[in-house]
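Trainee: Dumping the structure here so I can ask a few things about it.
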Amino acid sequence: MGKKNIDWANIGFGYMKTDNRYVSNFKNGAWDNGVITTDDKVVLSECAGVLQYSQSCFEGLKAYETKEGKIVTFRPDLNAQRMVDSAKRLEMPPFPQERFIDAVDQVVKANADWVPPYGSGATLYIRPVMFGSNEVIGVKPADEYQFRMFCTPVGPYFKGGAKPIVVKISDFDRAAPHGTGNIKAGLNYAMSLHAIVTAHAEGFAENVYLDPATRTTIEETGGANIIFVDADGNLVVPKSASDSILPSITRRSIVQVAKDYLKLNVTERTVRLDEVHNFKEMGLCGTAAVISPVGKINDHGKEICFESGMEEMGPTIRKLYETLTGIQMGRLEAPAGWIHEIRLN
Ligand SMILES: *Cc1c(COP(=O)(O)O)cnc(C)c1O
């Protein structure tokens, strides 16, 4: 065996079927032991809960090959915890956190040849997903569930990688006030598909959603949280007035990196749309996006342009990016507990 013969440097953010995945089923009130399987197909009743009432949630994390050739994941305990939170909100049985970490270990180990080499620019994206699998016709939670974890090698989420993107202020909402915006529910993405297709057709990379209650403050984009750098070079992180921002692990890590590694002041507060022009830099952050710089926001035809421009990342976002990815890829010392090594033998 050995690494798969893939042009790692040129893959996009897409699905490639790998050799193995992990599956555990919940039935009669308990999760079974779980197995690694080569079977990528799911066979369900036409009346399965997930197909009728969208009872599903998911996660996303990455495995990296470090400079020393180790394979690591970044803070998988937080993904495990968030999937428990998502499951509870959707009346699904939580998948135990220690079993989640064990599944990550098993899936990455069973697909070790698919982990992109250090320095290639690609990573192994891991997708845990859980859904109601038995028949449900009256509106209620399913009694049976499947937890599945598969992986796929990926390149940059946004075309062009570190080039600044242009985003638009959306007239749609991605979540309701005090709804499900703060959990990783598949239904939030169903909500956002029309908005993203529309934005792409208009030439924008992503939508910026405003708070769904007043539509005056900045929340996040379809799949990434937002960070700003103010005129003094400090970090400002939007907070939701209606608890509808997804608690990004990348964003929480950036906040800590900004404080402890870069000695920046960090303010987490509600950010009004009408003050955004005062910021110098803007970035989108998430496991998939890492940190993508934003050059411009289009607000109904009016452009809000950041000083960092359309050519490259601004200086503070660049430092955050380099520090965060340095920690993830083992070039910089990580805070305790952030790096989880996958032992291959
Ligand atoms: C997954 C997700 C993010 C990013 O979260 P990470 O934990 O950093 O990957 C941001 N916003 C939304 C809506 C998401 O679903």
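The values are calculated or read from the model by the stated rules, or taken from the named source; none is laboratory data. Computed from a prediction, not measured in an experiment: that's the story for all the values here. Note that each Cβ is placed from the backbone with ideal geometry, even for glycine, and that neighbours are counted across all protein chains shown. Each accessible area value is taken on the protein alone, full model and side chains, heavy atoms only, with ligands, DNA and RNA left out. Shrake-Rupley method; radii C 1.70, N 1.55, O 1.52, S 1.80 Å.
Trainee: How many Å³ per residue does the convex hull of the Cα positions in the stretch 165-325 occupy?
Mentor: Numbers: hull volume 15.9 nm³, N = 161.
That works out to 99 Å³ per residue.
Trainee: Give me the net charge of K296's neighbourhood, meaning all other residues with Cβ under 15 Å from the Cβ of K296; Lys, Arg count +1, Asp, Glu -1. Walk me through the intermediate numbers first.
Mentor: Working: positive: K163, K168, K280, K302; negative: E202, E206, E281, D299, E303, E307, E311, E312.
So the environment of K296 carries a net charge of -4.
Trainee: Share of the stretch 8-154's accessible area from carbon and sulfur, percent, 1.4 Å? Present the calculation step by step, with values, prior to reporting the outcome.
Mentor: Values: 3130 of 6330 Å².
The C+S portion of the solvent-accessible surface of the stretch 8-154 is 49 percent.
Trainee: A further question follows. Can you compute the FRET efficiency between L344 and K27 using 1/(1 + (r/R0)^6), with r the Cβ-Cβ distance and R0 = 41 Å? Round to the nearest 0.05.
Mentor: Numbers: r = 32 Å, r/R0 = 0.78.
Efficiency, from the Cβ-Cβ distance: 0.80.
Trainee: If you don't mind, another one. Sorting check: for 35-41, 17-23, which peptide has the highest mean count of neighbouring beta carbons within 10 Å, and how do the rest follow? Walk me through the numbers on the way to the answer.
Mentor: Values: 35-41: 11.4, 17-23: 18.4.
The most tightly packed comes first, giving 17-23, 35-41.
Trainee: Now for a different question. Once neighbouring chains are kept in place and the probe is 1.4 Å, which whole percent of the accessible area of the stretch 196-274 is contributed by carbon and sulfur? Numbers along the way, then the final one.
Mentor: On the way: 1510 of 3070 Å².
Ligands and nucleic acids excluded, carbon and sulfur reach 49 percent.
Trainee: Considering just Cα atoms, how many Å³ per residue does the convex hull of the stretch 8-154 enclose?
Mentor: About 105 Å³ per residue, rounded to a whole number.
Trainee: Projecting each Cα onto the charge dipole of the chain (Lys/Arg +1, Asp/Glu -1 at the beta carbon, about the Cα centre), which of F26, A199, G121 comes out farthest on the positive side?
Mentor: It is G121.
Trainee: Let me ask you something else. What accessible surface, in Å², does a 1.4 Å probe find on S192, ignoring ligands, DNA and RNA and rounding to the nearest 10?
Mentor: 10 Å²
Trainee: Counting residues in the stretch 182-246 as N, plug N into 2.2 N^0.38 Å and put the Cα Rg over that result.
Mentor: Numbers: Rg = 12.9 Å, N = 65, 2.2 N^0.38 = 10.7 Å.
Dividing the Cα radius of gyration by 2.2 N^0.38 Å gives 1.20.
Trainee: Please report the antiparallel percentage of DSSP beta bridges with both residues in the chain, rounded to the nearest 5. Display every interim value, and only then the final one.
Mentor: Working: 55 of 66 bridges.
Antiparallel: roughly 85 percent of the beta bridges in the chain.
Trainee: Net charge near W338, counting Lys/Arg +1 and Asp/Glu -1 over other residues with Cβ under 15 Å of its Cβ?
Mentor: Working: positive: K62, K70, R75, R251, R252, K259, R331; negative: D77, D260, E333, E341.
That works out to +3.
Trainee: Taking just the alpha carbons, could you work out the radius of gyration and Dmax for the chain, both in angstroms?
Mentor: 20.1, 58
Trainee: Once ligands and nucleic acids are excluded and a 1.4 Å probe is used, how much of D173 is accessible, expressed in Å² to the nearest 10?
Mentor: 50 Å²
Trainee: Additional query: So which trypsin sites (Lys or Arg not before Pro) in the stretch 115-169 are both in a DSSP loop and have at most 13 other Cβ atoms within 10 Å of their Cβ?
Mentor: K159
Trainee: Further, regarding this structure: Quick one: accessible surface of E303, probe radius 1.4 Å, all protein chains present, in square angstrom to the nearest 10.
Mentor: 100 Å²
Trainee: Taking the Cα centre of the chain as origin, work out the dipole magnitude from +1 charges on Lys and Arg Cβ and -1 charges on Asp and Glu Cβ, in debye rounded to 20. Kindly include the intermediate steps, with their values, before the conclusion.
Mentor: On the way: 38 positive and 42 negative charges, 93 e Å.
Dipole size: approximately 440 debye.
Trainee: Then there's this: Per residue, how many Å² of accessible area does the chain show with a 1.4 Å probe? Could the numbers behind the result be given before it?
Mentor: On the way: 15350 Å² over 345 residues.
Ligands and nucleic acids excluded, the figure is 44 Å² per residue.
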